[in-house]
Each structure stands twice: as structure tokens, then as C-alpha cells.
């Protein structure tokens, strides 16, 4: 068949691009416009081979072969098929498993079935040499594409280069149409909203007991413990007079009543103040953390309760095609949907009064939503603490913007 097929080793393509643009092969150092990249590959392949494109195969690794956000976006694109190998960690490094074997199998099968006349390989791995040779024996022309090396040297197997029928180099100008180096900033990307980035929204999982939390917390505002009168080291330490939410969130979880804390040091009120660290500085609220959420807060509807079947389908389509999976962006998307679907604006005002704490039911739903985007990957089924900060920061950034819009005078 007079058609061309492109087989892309994503680990090679994006790793080499990161080396070229950011100085190291870590894919986290670059951002990729996948739609532009795929279109560029298609146009370049059709131009080089003078054949119409049959399909682009995108080979990549993923933890437990679970598609990541970029894979979900790619596999719904026209003429793109995603094949996933495993991504495993060994000696502190991540390595793809099964990607080369999958590329070899696809290459030989396409050639054997005469599904195409030309194959474009974007890879540098010499393990594909037998597959390349087999494809040539079946009459397929093999085009090998390289990414321009940062040091000007080869970044492909010399055996592949020698065996290929045609060779092209994707230079910096071509790569930068779809790939750019990521700025190394904080955990959250900047966003043009009224509130600056939130760096310390307290994260789950919460401690089970106050005692355990006291031993680990290093929050500001701690008060020194009074020295024992008899000089003994066995006197139990007094609790912090200004505990953080981590100190107090575990209280009142079980059916047994929580014992009253010992008396505070002299000169300090016995009523503890719940202190939240936020972009506004320390926000202090009276209370000892044992009371449940106010009824109006506990009754706030979840996003699932506000979402119809049609909206659920549209949300899934948006998640697949447009939501990038950045933790900050995930929080914003979730908050936007929640605000757009509430019918009572009083709910928005009630939620805003809880800043920076997200009500439990909504917070749990938010983190479950974030897990869809691969944010559990490599973290033993726990979302990384910094990612949780970013998710909640994005949530509050969007709530801030929506609350400001509700209060904006007519005509602004």
C-alpha cells in the first residue's frame, strides 16, 4: 500500500527534546503542545515520503500501563494510536519496559501485512535494528528521524543510522514549534487571579491523634513548654497554645470523647486558637477543633450531586481532550464546574467563609478527581503533599475569581 506510517518512541523524542532545550533529559523540564507536535509529524512524514499518512503510533511508558493525561489526549486525536509499556523504578531511576518490544512487533507486523510502503521511525534505540531489517526485507522503505543533539553529536544507535534507507534530523527550529522549556518556578504556575499563590494549605492524610501530631508539627506560633517545677523530665508536656490544623484535625474522630487538654501556660488563654497558614498570613479562628463542621457547610452539595448525566459525559470529554493534568489546573477545573452548577449563590458564600479549609466531602471528591489525571503515579497511591497544595490552591484561586465576579457591580 502506498501509505506511510510513523512510529514514535516518545521517551526518545521528548527526552532528546528536553536535553536540547533545557539541558537535561527530564521530560518534566519541558511543556509539549501535543496537537501541534502530531500535526508537525504528519506534515513532515507526508512531505518526506511523498505518501499519505496511514497512522501515527505513539509508544510510551506509564506506571502499571495506566494512561496519563497526555496519553488520553493523544489517543483521541485523528490518526493516532497509543501503545503503552510499563514504567518501573529501579535504583532510584525510572525505566520503560516493553516499549521497544511493542515497536518491534508493530513494525514487523505492518511490513509483513504490506500495510504501508514507508515507515518513519523516531527512535534512537539499537534494539529496533532486527525489526528495521525485517521491514526492509518485506519491501518497506525505512526513514529514521533523529532529534538534534544538544552537543551536536549522535544520539542514536550507529547501527540504526547505517541500516536506515533515509535519515532526517528534527532540528531546534522544528522542535520549538511544539515544545518549550519549562520555567523552574514554584509548585504552582502563576495565574492572573486576585489571590497570590497559596503555599501552605494543610494537606491530608490527617493525623490520628493529637499526641502524634504534636511530636511532628513545626508550625509557627509554637509556645515554649513551661519547665517542670520539680526538675523531673517525666512531666507530660503541655499542649501547644496555638495549635495548627494538623495538631487538632485528629481530635473527635472516634466515638470516645476527647479528654480536655491540660491548662495552658500562665498568661495565655486556655481557649486554643485554630491557626491556618495561608497566603494571607496566619488566619486565626477560635475553637479547639473538636466541633463538627457547621450544618450549612456539611450540607454543601458535592459536584457529583450537581452534575447531570449529560454534564458528566461532557466533563469526561473535556478531561480527555483539554485538561492538561497539572495539579493547579485540576483544582481550578473542579472549582469552576462546582460554581457554575450551584443554583444558590449562598452556597458559594458559605464555602468562601471556610478558606483555606475545603469542607471534607468536597475535598475528598476533589482529590479523587485529581487521581484520574495520574497524580497518584509513582507515589504509592498517595497524592504527593506538594501536589495537594497545588490542587487546593487552584481550587481556591478559582473560587476567589468566581466570588469576585458575583460581587462585581453591574456594568464592570
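Since every read-out is calculated from the coordinates, none of them should be taken as a lab result. Everything quoted here is computed from the prediction, not taken from an experiment. In this analysis, Cβ positions are derived from the backbone assuming ideal geometry, glycine residues included, and neighbour counts consider all displayed protein chains.
A few comments on the model shown:
- Our estimate of slack between residue 344 and residue 105, defined as 0.36 nm per intervening residue step minus the Cα-Cα distance, is 80.4 nm.
- R0 of 22 Å, Cβ-Cβ distance residue 50-residue 75: FRET efficiency to nearest 0.05: 0.20
- If you model the stretch 317-374 as an ellipsoid using its alpha carbon gyration tensor, with each semi-axis the square root of five times an eigenvalue, the axes come out at 22, 14, 9 Å, biggest first.
- Full-extension gain in nm, residue 386 to residue 177, via 0.36 nm per residue minus C-alpha separation: 72.2 nm
- Shape category assigned to the stretch 4-181 from the gyration tensor of Cα positions, a/c cut at 1.5: rounded
- By the beta-carbon count within 10 Å of each Cβ, the least crowded to most crowded order of 154, 12, fewest first, is 154, 12.
- Label-to-label distance for residue 293 and residue 321 is 3.3 nm, based on points extended 7 Å past Cα in the beta-carbon direction.
- Anisotropy class of the stretch 294-391 from Cα gyration tensor, a/c 1.5 cut: oblate
- Label-point gap, in nm, between residue 304 and residue 133 - each point 7 angstrom along Cα→Cβ: 5.6 nm
- Between residue 39 and residue 26, residue separation times 0.36 nm minus the direct Cα-Cα distance comes to 2.3 nm.
- Förster radius 25 Å - calculated FRET efficiency between residue 404 and residue 353, Cβ distance, rounded to 0.05: 0.95
- Percent antiparallel among DSSP beta bridges (both partners in the stretch 4-181, rounded to 5): 20 percent
- Counting neighbouring beta carbons within 10 Å and listing from fewest to most, the residues 352, 19 come out as 352, 19.
- Anisotropy class of the stretch 1-46 from Cα gyration tensor, a/c 1.5 cut: prolate
- Simple label model, 7 Å out from Cα along Cβ direction - residue 167 to residue 313, nm: 5.1 nm
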